[in-house]
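Working notes, beginning with the structure itself.
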Amino acid sequence: MDKGGGIPVLETERLHLRAPSADDLDASTAMWSNLAVVRHIGGKPFTREEVWSRILRARGLWSMLGYGYWAVYDKASGRFVGDVGFADFHRDFAPSIEGIPEMGWVLDPWCHGRGYASEAVNGALRWAEAALEAPEYSCIIDPENAPSINVALKAGFVQTAETLYKGGPTLVFRRSARQP
């Protein structure tokens, strides 16, 4: 049985991006329960059950949308780095980004400041530009999350709006797809 479910495997210089799996549960739970990780993503640590639901959702995105999230690992050490990918969560805010692949990334604190986020984001964007016919991509970021804003800007995203999402201030970024 193909445990990857047809989800593409990506390689960057230092990273391995593969289908999320049950094997990621412990490392992913450790990451999502860390206050430094969730500070700008809802502010509340995730339980093991909630992380399991995230893993299942990440896999399901691929069958529903033809894109989704990858589990990211450091190639040299085999250590879990985090999650990166695309979704369309039909978020309830204006201006709407519904129908536009929304990019997201979250990395374990052990690898913050090492350029892994930019490397993973750029690897995923290269795949998307080759595999998807989307004219643009979006992402949303807490205005106080300067490191993620920096990653988005380096990847070519441009802030297009300020909005409220789930009662909190949120920045909306968009990026045109690059033509080959």
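Points to keep in mind about this one:
- Looking only at the stretch 113-166, and only at residues there that are open to solvent by 80 Å² or more (accessible area, probe 1.4 Å) and of a type in the set (Gly, Ala, Ser), the one that is nearest to Val81 (Cα to Cα): Gly113
- Restricted to the stretch 85-104, and to residues there that are under 16 Å from Ile41 (Cβ atoms) and in contact with a Phe, Trp or Tyr (Cβ under 9 Å, 6 or more places away or on another chain), the residue that is surrounded by the fewest Cβ atoms within 10 Å (Cβ to Cβ) is Phe93.
- For the stretch 43-67, the set of residues classified as at positive phi and either crowded, with 19+ Cβ neighbours inside 10 Å or not in a loop (DSSP other than H, G, I, E, B) (or both) is empty.
- Subset of the stretch 68-84 (residues that are over 20 Å from Arg114 (Cβ atoms) and open to solvent by less than 30 Å² (accessible area, probe 1.4 Å)): Gly68
- Residue among Arg79, Arg175 that alone is within 25 Å of Ser33 (Cβ to Cβ) and either touching a helix residue (DSSP H, G or I) at 6+ places or on another chain (Cβ under 6 Å) or modelled with pLDDT of 95 or more (or both): Arg79
- Look at the stretch 144-159: where a residue is modelled with pLDDT of 95 or more and a partner is open to solvent by less than 80 Å² (accessible area, probe 1.4 Å) and of a type in the set (Lys, Arg), sitting 6+ places away or on another chain with Cβ atoms under 7 Å, you get Ala155/Arg175; Gly156/Arg175; Phe157/Arg174; Phe157/Arg175; Val158/Arg174; Val158/Arg175.
- Selection count where residues are assigned to a loop (DSSP other than H, G, I, E, B) and closer than 24 Å to Gly123 by Cα, scope the stretch 1-42: 16
- For the stretch 1-42, a residue qualifies if it is open to solvent by 70 Å² or more (accessible area, probe 1.4 Å), within 17 Å of the chain's Cα centre (by Cα) and not aliphatic (A, V, I, L, M), and the qualifying residues are Glu11, Arg39, Gly42.
- Applying a threshold of 6 Å to beta carbon distances and a minimum spacing of six or more residues, or different chains, the list of pairs starting in the stretch 92-118 at a residue that is at negative phi and ending at one that is surrounded by 20 or more Cβ atoms within 10 Å (Cβ to Cβ) and β-branched (Val, Ile, Thr) reads Trp105/Val84; Trp105/Val121; Leu107/Val81; Cys111/Val81; Tyr116/Val81; Ala117/Val151; Ser118/Val151.
- Long-range neighbours under 6 Å by Cβ, at least six apart or interchain, first residue touching a residue at least 12 places away in the same chain (Cβ under 8 Å) and under 15 Å from Glu50 (Cα atoms) within the stretch 6-32, second charged (D, E, K, R) and surrounded by 15 or more Cβ atoms within 10 Å (Cβ to Cβ): Pro20/Arg59; Met31/Asp108
The values are calculated or read from the model by the stated rules, or taken from the named source; none is laboratory data. What you see is a predicted model, and the numbers here were worked out from it, not measured in a lab. Because the Cβ atoms are built from the backbone with ideal geometry, glycine has one as well, and the counts that use them run over all protein chains shown. SASA here: full protein model, heavy atoms, side chains in, ligands and nucleic acids out. Shrake-Rupley method; radii C 1.70, N 1.55, O 1.52, S 1.80 Å.
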